[in-house]
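All remarks here apply to the structure that follows.
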Amino acid sequence: MPFIRCLKLSFLFLFIFLIGIGAIFFYLIIMDLPDITSLKSYKPLESSIIYSTDGRVLAELFVERRTFIPEYNIPTITKLAFVAIEDQRFYSHPGIDIIGIMRALYKDILAGEIVEGGSTITQQLAKMLFLTPEKSLKRKIKEAILSAQIEKKYTKDEILGIYINHVYFGSRAYGIEAAAQAFFGKSAFELNLAEIALLAGMPKAPSSLSPFKNPQKALARRQIVLNKMFENGFITKEQLVSANSESLPQQVIPRKYNAPYFIEFLRLHLENKYGDELYTSGLKIYSTIDYIMQNIAQDAVKQGIAAIERRTASGVQGALIAMDLRTGHIKAMVGGTDFWQSQFNRSVSALRQPGSSFKPFVYAVALENGMNIDDNILDSPISFKASGRNKIWSPKNYDNKYHGYVQLKTALALSLNTATVRLASGLGIENIIAFINKCGIERNLDPYLPLALGASEVTLVELTTAYSVFSTGRRVKPIPYERITSREGVTLEELIPSSEEILSRETAEKMKVLLRSVVEEGTAQRAKELDKKVYGKTGTTNNFSDAWFIGFDDRLVVGVWVGRDNHTPIGQKETGASAALPIWIDFMKNIP
C-alpha cells in the first residue's frame, strides 16, 4: 500500500512538473509574440510608378514589384477564388480551422503524402508577416495564437485583402495587381475568370506552378481552383467550362520601362532625394514626358543612325532632347540608339564640341550691343596670335571661299567662320562667355576666340536649353516631372516652371530672323520641307566627329547630336546638315 501511494505521488509530481514545463514553454512562446496592431498601419513594400503626361505607365521602380489595392476594391470573384483554393471555411472559422486540419490530415493519410495543407489564410498571413518559415512546434503554436488575435481585431475582408496584396506569385510579382501586370499585362480589375483562377493557384508553389516553366502543372492547378469554385457555388457550370477552355499566358510581361534613358536620368535624380523610399513606398511620379513624342523621338534617332551607318560604318550614336519652350518640361529624351546595349546618356552626360551651333551666341551679343541683322561684317582671311611661341591661328571657311562684306544674316545663314571670328574679336570673348553663362551653360569655357566656332565642350541638354533664349528671350530650366505624390495621394512636391529674361523681346525677334535665314537660305534648307516655320542652326566639328542641329518652332526647342563615342569621324562629309538635321526633321514632321 505505501508503495502504491508513493507511485501515485510520483505520477502526480511528474504531471505537475510537466504542466509547469508546458506553462513555462507556453510563456516563453507568448513572451516574444509580435504586436499584431501593426496591421492597422500595414504598408507593404510597394513599387513607385512613373507616368507620362497622358497617364501611361513609363516605368516601375521597386524592390518587390507590388501595387497595393485596398481590400474593398479587390473584385469579389478574386477573393472567392483564393478562398476556394486556400481556405474554403475562411468566413466561418476563428482563424484556426480544426475541421480543415482533420480533413487535410485524412487526405494526406489516404494519399500517403502531403497533398493538402491545413493552414488557414489567416495562419498563412501570420507566418508571412510576423514569423520565420522554420518548421517547428514553437512556430506553429505562435502561428495559431497570432491567427486568433488577428481574427479578433480585424475583419475577414481586411485579412483577405492584406493576404492577396502580400502573397508572392513568382516572376518577381508580389500581390494580385503586380501579378496581373506581370502575367497578363493588365490590371487586376480586368482579369477574367480563367486568369484569376490561374493566379489564385500559384502562391502554393510559384516556381513549379508557373505557366512559363510548367504549363501542364499550371493548367491542372487552374482546373482545381475552378472546380473548387464550382463546388462551393461561386461560379456556374457554364463559367467553369468556358474558363477551362482558355489558353495560358505564353511569356512574362516585363516591368514597364519606356523612355529608358529618361527613366534612368530621373531615377538617379530622385534617388538622391528619396533614397530607398523611391523603391519601396509606392510614390506616384508624374513626369513631363509626352508618350507619343517619346516614341517618335526614339524611332527618329534609330532610323536616322541606321541611314548614316549605311553610308559609313557601324558604331554611330545619336541623341535627341525636346523641351517645351514656355515651361522647360522635357517632352522627349533619347540618349543613344539602344539603352540595353549602352546606358550612357549622351543627351545629358556627353561633353562634345558644338561646332557652328555655338555661333548664334556671338550674333546675339552683337545685337544686344546695338548691331542690326542687316549690318555688314567682313568675311575674309584673318589670323590671330595663338597661345604658344610663334603660333598663329588662321580660321578658314568650310569651303575655303570668302564673300567680302556680308550682312549678319548672311554670315550666320552660310555659317561663315572668318566673319564670325572677326565679329567675336570685336565684341570681346569675355562678353560672349558671360552671355553664354546667362543662357544656362554655366560650366567653365575656354576664354579664347576658337570658342566662337564651338571649340569648348558642352552637353546636348545645355545647348538645347540655351537655344530657348533665342525664341522667347527667356531662359527656362529643364523640368523632368511635374509632381510627386505619396501612395495615399498626398502631394510631396510640385515643380513650378520659372524663367528669367536674358534677351529683350526685340533682340529675340531679331535672333529668330537670323535663325530662320539658316533654314531659308543657309545650311539647314532641308528643313523647308516642314509645313511650319522653324528656326535653328547646324553644327559640325573638325574631321566630322560631331554633327548637331538645334532648333525650335513656336512651342518646342529640340536638339539633336550625332557622333561616335570615341570621337573619331562619323564619316566623310557627315555634317550637321546631313547627319543631325534629318533626324530633327523626322521628329518635327511626325509629332502631333
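Things to note:
- Qualifying residue in the range 447-455 (condition: under 35 Å from the mean Cα position of the chain (by Cα) and either part of a helix (DSSP H, G or I) or surrounded by 23 or more Cβ atoms within 10 Å (Cβ to Cβ) (or both)): yes
Yes/no matrix, rows are residues, columns are (1) within 24 Å of the chain's Cα centre (by Cα); (2) modelled with pLDDT under 95; (3) under 25 Å from Ser456 (Cα atoms); (4) among the acidic types (Asp, Glu):
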site	(1), (2), (3), (4)
Gln343	yes, yes, yes, no
Ser347	yes, no, yes, no
Val362	no, no, yes, no
Ala366	no, no, yes, no
Asn372	no, no, no, no
Ile377	no, no, yes, no
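- Listing of strands (runs of 3 or more DSSP E) fully contained in the range 461-548 that carry 1 or more residues being of a type in the set (Ser, Thr, Tyr), modelled with pLDDT of 95 or more and touching a Cys at 6+ places or on another chain (Cβ under 8 Å): none
- Residues that are more than 28 Å from the chain's Cα centre (by Cα) and charged (D, E, K, R) were ranked within the range 554-585; the one that is nearest to Lys477 (Cα to Cα) is Asp554.
- Filter result for Ser210 (in contact (Cβ under 8 Å) with a residue 40 or more places away in the chain, hydroxyl-bearing (Ser, Thr, Tyr) and either touching a helix residue (DSSP H, G or I) at 6+ places or on another chain (Cβ under 8 Å) or not in a helix (DSSP H, G or I) (or both)): yes
- Qualifying residues in the range 213-234 (those that are over 28 Å from Ser92 (Cα atoms) and either acidic (Asp, Glu) or not in a helix (DSSP H, G or I) (or both)) - the one nearest to the chain's Cα centre (by Cα): Lys213
- Filter result (modelled with pLDDT of 75 or more and among the hydrophobic types (A, V, I, L, M, F, W, C)) within the range 112-127: Ile121, Leu125, Ala126
- Condition broken by Tyr106, with the remaining ones in (1) of a type in the set (Phe, Trp, Tyr); (2) crowded, with 22+ Cβ neighbours inside 10 Å; (3) modelled with pLDDT under 90 satisfied: (2)
- When we screen Ala243, Ala182 for residues that are crowded, with 20+ Cβ neighbours inside 10 Å and within 30 Å of Pro480 (Cα to Cα), the only hit is Ala182.
- Complete set of residues in the range 185-210 that are among the hydroxyl-bearing types (Ser, Thr, Tyr), surrounded by fewer than 18 Cβ atoms within 10 Å (Cβ to Cβ) and under 23 Å from Ser119 (Cβ atoms): Ser207, Ser208
- Glu177 being in contact with a Leu (Cβ under 9 Å, 6 or more places away or on another chain), crowded, with 21+ Cβ neighbours inside 10 Å and modelled with pLDDT under 95: no
The values are calculated or read from the model by the stated rules, or taken from the named source; none is laboratory data. What you see is a predicted model, and the numbers here were worked out from it, not measured in a lab. Quick reminder, even Gly has a Cβ in these numbers, built from the backbone with ideal geometry, and neighbours come from all protein chains shown.
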